[in-house]
1. Using the beta-carbon distance between Ile358 and Arg120 and R0 = 56 Å, what value does 1/(1 + (r/R0)^6) give for FRET efficiency, to the nearest 0.05?
2. Helix-only mean residue ellipticity at 222 nm, the chain, DSSP H runs n ≥ 4 weighted -39,500 (n - 2.57), per residue, nearest 500. What is it?
3. Kindly provide the pair-distance distribution of segment 169-316 built from C-alpha pairs, with 10 Å bins from 0 and whole-percent values in order of increasing distance.
4. For segment 273-340, what is the accessible area per residue in Å² when the probe is 1.4 Å?
5. Can you order the peptides 74-85, 272-283 by their average number of other Cβ atoms within 10 Å per residue, highest first?
6. If you scale each eigenvalue of the Cα gyration tensor by 5 and take the root, what three semi-axes come out for segment 288-386, rounded to whole angstrom and sorted largest first?
7. With both partners inside segment 126-262, how many of the DSSP beta bridges are antiparallel, as a percent to the nearest 5?
8. Let's see if you can work this out: charge +1 on each Lys and Arg Cβ, -1 on each Asp and Glu Cβ, no other charges. What is the dipole magnitude of segment 142-250 about its Cα centre, in debye to the nearest 20?
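The values are calculated or read from the model by the stated rules, or taken from the named source; none is laboratory data. Source: prediction; values computed, not measured. Here the Cβ is made from the backbone with ideal geometry for all residues, glycine too, and neighbour counts use every protein chain on show. For accessibility, only protein heavy atoms count, side chains too; no ligands or nucleic acids. Shrake-Rupley method; radii C 1.70, N 1.55, O 1.52, S 1.80 Å.
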Amino acid sequence: MNKIGLPGTFYIITGKVNGSGKGQFIGRPADEIIKETASSKTNQDNFFERASLIAYTGTSEAVEYHSNAGSLFESGKITEAYELIDEGYEQIRNGYLKNTDDVVFHNNAVDTTTWADYKRFAAEGHEIASHTVTHARLAVLDEDNLLYELEQSKADIQHFLGEKYTFSAECPYGTENERVMEYAQKIYPALRNRMPESYLDELNRSSKRQPGESEKEYVQWQRGPLTNISMEVMKSWVDTCMAHDNIWLVLVFHGIDGIGWESKTGAELEEYFNYINERKDHLWVATFADVTKYIRERKNAVINSVVQDEAIVVNISYGLDPEVYDVPITLKTYVPRAWKATVLNKKTEQETQLMLKIQKDAQGSYVLYSVMPGEDEIILAEPIEI
C-alpha cells in the first residue's frame, strides 16, 4: 500500500498491544456469579452479566461460549443463547473448564505489533482506529463491560497516537445491534458499522442490493473480500464504483497470508491494489475517517458567492469543528466567459495566491479548487497584466 500510495484504515484490537488496558471483567466477584448459576437459570435479567463474565473464566472454550451465545442472541435466538450460557457455566462448575483467571482474547492469536509500529503507520498516512479492547460480542455485554471495551480502546489510542485517531471505530463482528450502536455513537464520531444519514444509503457486507439502484446522494457499499471470492468479482466492485458518481466502496479485509480471519494472500492483495491504483484518475482512495469527514463537510457547507469589483468573493462556513474536520473539499465556481485565466487569493494569516485552470462545460467557464475548513474568504479574479 505504501509502495503505490494507497492509504488504509486499520481497526486494531488495542488490548493485544503492550502498554494498553487489557481485557477484564468489571462487576461482582466471579465466584459469586458462578455460584448463582447453579440455582437460577439464565434469563433477561442476568444474561448480560453472565455473558460478560464467562469469557474471563480462564479458557478458550469459555470464550467460545461467550462468542457463540452472542451470535445466537444477535440472530434473534434468545432462548438458545440463554441455554448455551447455562451449559457453559455448568461446565465451569463441574471443573471441565478450569478457571485460571487468565485473559484469553476472543478468537485472536497474540499480536506482536507495538504502539511504535502503529505510530509509524499513522505517519505514513494510514488511519489507526478502534476495534475495541478484546473483540468481544458487544451485544451481550452489560453496560459497564460494554463501555470499558469502547472507552478504554479509545483512551489508549488517544494516549499513544493522539486525538486525531479517535474519530472512527469498528465494533466487532460487524454488529448492528441497536443498543451497541447507541452507546458507540456517543463515544466515536463515526462507526464503520452504522452511519445513519438521510442522504446516505448503507449497504453492509451482507446486503444483496445493487448499489446502482439507490437514488440516495451517497451509497456506502461495504464488501468483504473473503477467501472464496474471486479476483474477478473483487475487481467488478471497483468497476461498479467507477460506473456511478455516488458510490463509496468500503473494502473490509481481515487478514493476509494465513494470518487473521478469511485471509487473502499477499499476491492477491498486490494484484487488487494495483488494479485500483491503475484507475486512480477516476477514483478517490482515502481512509474511512477522511471520506466520512469529506461527506459531512460537503453536506454542512454553506457557500455564498458575490461579485465585487470585477472579482468573485466566496465565503464558506461549516458549523463543524475545524480541529476535527480537516479534509479539504472541492468547490466549483463559474467565472465570466471573457476571463482568460483565474487567480485565487486566500485571506489567511499567510496570504496565498494560486493560478487556476479554466475549464468549460455546457453551463460555461469554471474553476475547481480545494478549500480547507476554517478558510473564511476566497477571492477569484482575472490576473492583472502589467
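1. About 0.85, to the nearest 0.05.
2. The per-residue figure over the chain is -10000 deg cm²/dmol.
3. 9, 33, 34, 16, 6, 3, 0
4. In whole numbers, segment 273-340 has 59 Å² accessible per residue.
5. Highest-to-lowest ranking by the protection proxy: 74-85, 272-283.
6. Taking √(5λ) for each eigenvalue gives 25, 15, 12 Å, largest first.
7. 15
8. With Lys and Arg at +1 and Asp and Glu at -1, about 360 debye.
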